[in-house]
1. Among the candidates Thr157, Thr191, single out the residue that is surrounded by fewer than 16 Cβ atoms within 10 Å (Cβ to Cβ) and either β-branched (Val, Ile, Thr) or on the phi > 0 side of the Ramachandran plot (or both).
2. Looking at Leu84, Leu96 in this structure, which one is of a type outside the set (S, T, N, Q), in contact with a helix residue (DSSP H, G or I) (Cβ under 8 Å, 6 or more places away or on another chain) and farther than 24 Å from Ser179 by Cβ?
3. Could you tell me which of the residues Ile83, Ile17 is at pLDDT below 90 and surrounded by 14 or more Cβ atoms within 10 Å (Cβ to Cβ)?
4. Which of the residues belonging to the stretch 86-107 are under 11 Å from the mean Cα position of the chain (by Cα), of a type in the set (Phe, Trp, Tyr) and surrounded by fewer than 20 Cβ atoms within 10 Å (Cβ to Cβ)?
5. Of the residues that make up the stretch 54-75, is at least one buried (at least 17 other Cβ atoms within 10 Å of the Cβ) and either outside any helix (DSSP H, G or I) or small (Gly, Ala, Ser) (or both)?
6. Any chance you could count how many residues in the stretch 136-160 are in a helix (DSSP H, G or I) and farther than 17 Å from Ile186 by Cβ?
7. Check the stretch 180-195 and report whether any residue there is aromatic (Phe, Trp, Tyr), assigned to a helix (DSSP H, G or I), within 23 Å of the chain's Cα centre (by Cα) and closer than 30 Å to Tyr113 by Cβ.
8. Limited to the stretch 78-107, what total is found for residues that are of a type in the set (Ser, Thr, Tyr) and in contact (Cβ under 8 Å) with a residue 40 or more places away in the chain?
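The values are calculated or read from the model by the stated rules, or taken from the named source; none is laboratory data. Remember, it's a predicted structure, so these values are computed and weren't measured experimentally. Positions of Cβ are backbone-derived with ideal geometry, glycine not excepted, and every protein chain shown enters the neighbour counts.
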Amino acid sequence: MNPQLPIYQGQFGPYQITPADKLEVIVYRLGLTLTGLSFSLGSILFLWRGLNPTTELVLTVLFFLFVLGLGICLETIHIYLQILRSLLRVSWMIGLIFTLVFLVISHYNLVAYVANHPLCLLGIGFVFVSLNGIFVKEAFCFNRLESKILSFVVPITILSYMIGILTPNLGGFLLTVWSLLFLIFIFRKYTQDIPSDIGDKSVFEYLAKQKESRKQKRITG
């Protein structure tokens, strides 16, 4: 224990929040900011100007910034269940791979391709699965209303577009709600104290010890 750092009492014993822990939270929030701003700016541009060669190019760049920000979040997010964290990362990676594949197939005209082939979201949509996982985690851990609503808005928007029932008016409404709530979500993350965003580190340490113990048993057993 570092005598210069405050001590917190966790479920499985005392723990301390280190500068490295705080940096992870800051990077996580910056990743969320990049993700949310990219999505919101893209939504505003699409709803304002529609699709044309210029907006399609800008939307493609914004989408890759969105994916980058999401990847940063998944590298720094604090989730007690490591298997869930791994699943979100795998989902993100699958979505990124499909995005790159469709980017090449579309001759680097990704947005127009998605507009004309909604079912390609069966692959690209894994990116949004990982985003929704973050919203569900935040809703479960912190009981935030915007997170709860977003955890329904995201799949409803994606699935309704894929099956062809998303009208322009409904799509505009859902994108607006998604963007506004995402920005509120980000703002409230910056008002949250860092220790609560990290969670109970004694749980992480306990789970790590349990994992190491099982590993040692397999080796010696």
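1. Values: Thr157 fails: surrounded by fewer than 16 Cβ atoms within 10 Å (Cβ to Cβ).
The unique qualifying residue is Thr191.
2. Values: Leu96 fails: farther than 24 Å from Ser179 by Cβ.
Answer to the check: Leu84.
3. Ile17
4. If the condition is that a residue be under 11 Å from the mean Cα position of the chain (by Cα), of a type in the set (Phe, Trp, Tyr) and surrounded by fewer than 20 Cβ atoms within 10 Å (Cβ to Cβ), then no residue fits.
5. yes
6. The qualifying residues number 8.
7. Taking the stretch 180-195 as the starting set, the residues that turn out to be aromatic (Phe, Trp, Tyr) are 182, 185, 187, 190.
From what is left, the residues that are assigned to a helix (DSSP H, G or I) are 182, 185, 187, 190.
With within 23 Å of the chain's Cα centre (by Cα) added as a condition, the list becomes 182, 185, 187, 190.
So of that shortlist, the ones also closer than 30 Å to Tyr113 by Cβ come out as 182, 185.
Yes - at least one qualifying residue is present in the stretch 180-195.
8. Number satisfying all stated conditions: 2.
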